[in-house]
1. By how many nm would the segment from Met16 to Ala119 lengthen if fully extended, with 0.36 nm per residue of separation less the alpha-carbon distance?
2. Report, to the nearest whole %, how much of the accessible area of the range 398-443 belongs to carbon and sulfur atoms, 1.4 Å probe, protein only.
3. Per residue, how much accessible area does the range 284-325 have with a 1.4 Å probe, in Å²?
4. Taking a cut-off of 30 Å between Cα atoms, list the lysines near Lys437, but don't count ones fewer than 8 places away on the same chain.
5. Please give the calculated 222 nm ellipticity per residue for the chain, where each DSSP H segment of at least 4 residues contributes -39500 (n - 2.57) and the sum is spread over every residue; nearest 500 deg cm²/dmol?
6. Under a 1.4 Å probe, what is the accessible area of the range 90-131 per residue, stated in Å²?
7. Using a 4.7 Å Cβ cut-off, which Cys residues in the chain lack a partner cysteine?
8. Once you have the alpha carbon radius of gyration of the range 153-257, what is it after dividing by 2.2 N^0.38 Å, with N set to its residue count?
Amino acid sequence: MNDTFMKEKPVFPLIMSMALPMVISMLVNSLYNIVDSFFVAQISENAMTALSLVFPVQNFANAIAIGFGIGISSQIAICLGAGNRETASKAATHGLALSGLHGVILTIGCILVMPGFLALFTGDTDVIDLGIRYSTIVFLFATINTLNLAYEKIFQGVGKMKITMIGLLVGCVSNIILDPLLIFGLGPFPTLGIEGAALATGLGQVFNLVFYLIIYKMQPIQVKLSRRHLHPDMALAARLYSVGIPGALNLALPSVLVSALNGLLAAYSQSYVVILGIYYKLQTFLYLPASGIVQGMRPVIGYNYGAGEHKRVKKIYFVTLGMSGVIMLIGTIICLTIPGQLIGMFTTNPQTIAAGKTALRIICAGFLISSVSVTACGALEGLGRGTASLIVSLCRYLVIILPAAFVLSHFFGAIGVWNAFWIAEALTAGVSLLISKRVIGVSHS
């Protein structure tokens, strides 16, 4: 495949070829998380509790690495589209070096903060001890993880989506294989318990990184990592962080939203908190394919923007919007027709299922319109407009939905919280249209 395929191949098959590996990768990663939790749960309930308490900090560390990686990918794609391989290589080299630095900072900071963080949520000394033992090992691999994710985004930036899919498979499969071996001491392996789960996670990241290093050496790509590109360049660093920081915040915002909504719902009934948790498990599988499509679109839209192909940029935006809209429409139909069966997958309590059916039918009213903000965020990040993307995400996850949920819950209880979802999606879509029209030049009329 030639180096200019991102501006020559027809848009729909191009986005499909870029998005499908991302969708598969995200589904595999979700499966890995379930399997990993299953093995840890076999140790003890306290071990599972410790894993759950450590997860938000792990998620925060991953958000930083992935968000900054999006900045790397965006700069590479834009520079390659403009025919400037030298600057693209410089962006990749600086991005990799800065990712390594982030990893060192995360290792030190996360290990130091974990004892106090765990103590905020539990007084059980066994849970705290298990959490510290698990997190210490996991965060010792933080630099490996940030470098791993930097390589992933470098390969995505040049359009090598299949390589990143295989890389993720290498890491996840090796982790799944190592989990029972190291946790329970099967065969020649020692019984390490929760430390074994942490070590399996770290070694999976090592294997993933080794795969990327081998592929980079054996299959040259358009960008070259070189020491000569390491001379400080504040302007380039600013461009990387201008997308990386908003990208990281975008990934962290849903966790903030869930915590805040849990606080509102808990005042009415604990079952509503359960319903919210079930909804987020269900919507993950709905938004995964949409997110995969958006990930596939990012380097394509950035490359064409850099190449000055503005008509093609608009076409890429609309094709992605249409694909996301179809997925969201299917999700809406499913939630309207079988909400009880969906909720029943996670609970047998008839009252919770009844309330959950109502919640799903209300919330899904915002699915289709949410494709506008989901596509806009991805497009803006691909174009290097991280701040604009963050504005959309802030509206979607904080600025609109939280005040709406707070006000409506006072009048309608939990039903008001569910209605805040579609209201926020509708208003955020309006904001997205205004921003995308100004930045991308699209018109939705």
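The values are calculated or read from the model by the stated rules, or taken from the named source; none is laboratory data. Source: prediction; values computed, not measured. In this analysis, Cβ positions are derived from the backbone assuming ideal geometry, glycine residues included, and neighbour counts consider all displayed protein chains. With ligands, DNA and RNA removed, areas are computed over all heavy atoms of the protein, side chains included. Shrake-Rupley method; radii C 1.70, N 1.55, O 1.52, S 1.80 Å.
1. On the way: separation 103, 0.36 × 103 = 37.08 nm, distance 4.63 nm.
Contour length minus the Cα-Cα distance gives 32.5 nm.
2. 75 percent
3. On the way: 1390 Å² over 42 residues.
Ligands and nucleic acids excluded, the result is 33 Å² per residue.
4. Lys7, Lys9, Lys153, Lys160, Lys311, Lys314, Lys315
5. On the way: 17 runs with 369 residues, N = 445.
That calculation yields -29000 deg cm²/dmol at 222 nm.
6. Working: 1880 Å² over 42 residues.
Normalised by residue count, the accessible surface of the range 90-131 is 45 Å².
7. Unpaired cysteines in the chain: Cys79, Cys110, Cys172, Cys377, Cys395.
8. So the Cα radius of gyration is 1.42 times the expected 2.2 N^0.38 Å.
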